[in-house]
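Structure first, commentary second.
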Amino acid sequence: MTTKTLAFIGLGIMGSLMAKNIQKAGYTLTVHNRTKEKAKALIADGAQWAATPKEAVAHADIVFTMLANPTVVEAIAYDKNGILPNMKKGALWVDMSTVNPSFSKKMADAARNHQLRYLDAPVSGSKVPAEKGELIFLVGGTQEDCAEAQPYFDIMGKATHFMGENGQGSAMKILINLMLAQSMAVFSETVHLGEAMGLGKENVVELLLNHPVAAPILQGKKNNILNETFEPEFPLAHMQKDLHLVAQTAFEHHYAMPLANAAKELYAQAKQHGLGNQDMSAIFQWLK
Ligand code: NAP
């Protein structure tokens, strides 16, 4: 085991579970989260609490972040009590948040300007894989930096895909969520029509999920749809954010995405009508 000093910032649904796995593997973490309450279990198990990101990163060789969106990452990165001005020169920042590729490139440049190293390392997989240490890492940066973070990726995940230069990890991640968002919406609409035609919801759900037309990932949302309970594993508001990141990226590449934008607005409506903190599968409810 290496003796690197590790910091972890962002202890929401995903971050709290990922940090817990690193801790369970025998490492000591310094942790920070806007809401201290969410760090309680980690602190009870030996994590050092840092009152500010500055305190968290000051001595760290590697800083992991798992934050809501680019706006939050940027605010915490540039703040005088934040990440960039306060990390040790030469240290490595691993941002695992889902952000857009051009944003990752911007953070990589900012890190370089502060004589720091940076990886975009977003993850595929939700709350349960996070808990089991079975996430899939999609990494952009240098292979050397990826190798340095690999032992921790191996604790939090079951696979790492090195995608290329900075931004390419985020690029792959938004493609995956684009497919997921659309699959979930299409499946929901289809089930509603089936019910309207009198086929019976359970029958339709069962048949579609066992037919090659349904994306395998939707199996994991089956009970949510059948019971119409949407306890957040992947909050719908984050999915809408990811579709916004897709639209922004498509704009930057002069590429039209009519289907993605329709899906984005559906999720936006669902969020606007109070479903943002429910699981993303609550799009089923909105389409009812
Ligand atoms: P979450 O539970 O909403 O956690 C978001 C984190 O960001 C929390 O630590 C939160 O702090 C922090 N945050 C939000 N607004 C902030 C602000 N204004 N200032 C400071 N901190 C702020 O989200 P999550 O599900 O863990 O997701 C985290 C990231 O991983 C997102 O980018 C998401 O898209 C991505 N992701 C999620 C999943 C999933 O299934 N949930 C899967 C893959 C990737 P507080 O605790 O104080 O609110």
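The values are calculated or read from the model by the stated rules, or taken from the named source; none is laboratory data. Here the structure is a predicted model, which means the values were calculated and not measured. Ideal geometry is used to build each Cβ from the backbone, glycine not excepted, and the neighbour counts take in all protein chains shown.
Might you let me know whether segment 94-103 holds any residue that is touching a His at 6+ places or on another chain (Cβ under 8 Å) and outside the structural domain of MET239 (by TED's automatic domain parsing)? Yes, that holds for at least one residue. Taking the stated definitions as given, is MET172 within 29 Å of the chain's Cα centre (by Cα), surrounded by fewer than 15 Cβ atoms within 10 Å (Cβ to Cβ) and in contact (Cβ under 8 Å) with a residue 24 or more places away in the chain? Here the answer is no, as MET172 does not meet what is asked.
Test GLU165 against the stated conditions and say whether it is of a type in the set (Asp, Glu) and either under 18 Å from LEU135 (Cβ atoms) or within 16 Å of the ligand (Cβ to nearest atom) (or both).
No; evaluated as a whole, the condition is false for this residue.
Here SER97 meets the list (1) out of contact with any strand residue (DSSP E or B) (no Cβ under 7 Å at 6 or more places or on another chain); (2) of a type outside the set (Asp, Glu); (3) within 11 Å of the ligand (Cβ to nearest atom); (4) part of a loop (DSSP other than H, G, I, E, B) almost entirely, failing just condition (1). Part of a strand (DSSP E or B), within 12 Å of the ligand (Cβ to nearest atom) and touching a strand residue (DSSP E or B) at 6+ places or on another chain (Cβ under 9 Å) - does that describe any residue in segment 74-92? Among the residues of segment 74-92, not one is part of a strand (DSSP E or B), within 12 Å of the ligand (Cβ to nearest atom) and touching a strand residue (DSSP E or B) at 6+ places or on another chain (Cβ under 9 Å), which makes the answer no.
Tell me, yes or no, whether segment 205-222 has at least one residue that is surrounded by 12 or more Cβ atoms within 10 Å (Cβ to Cβ) and at positive phi. There is no residue in segment 205-222 that is surrounded by 12 or more Cβ atoms within 10 Å (Cβ to Cβ) and at positive phi.
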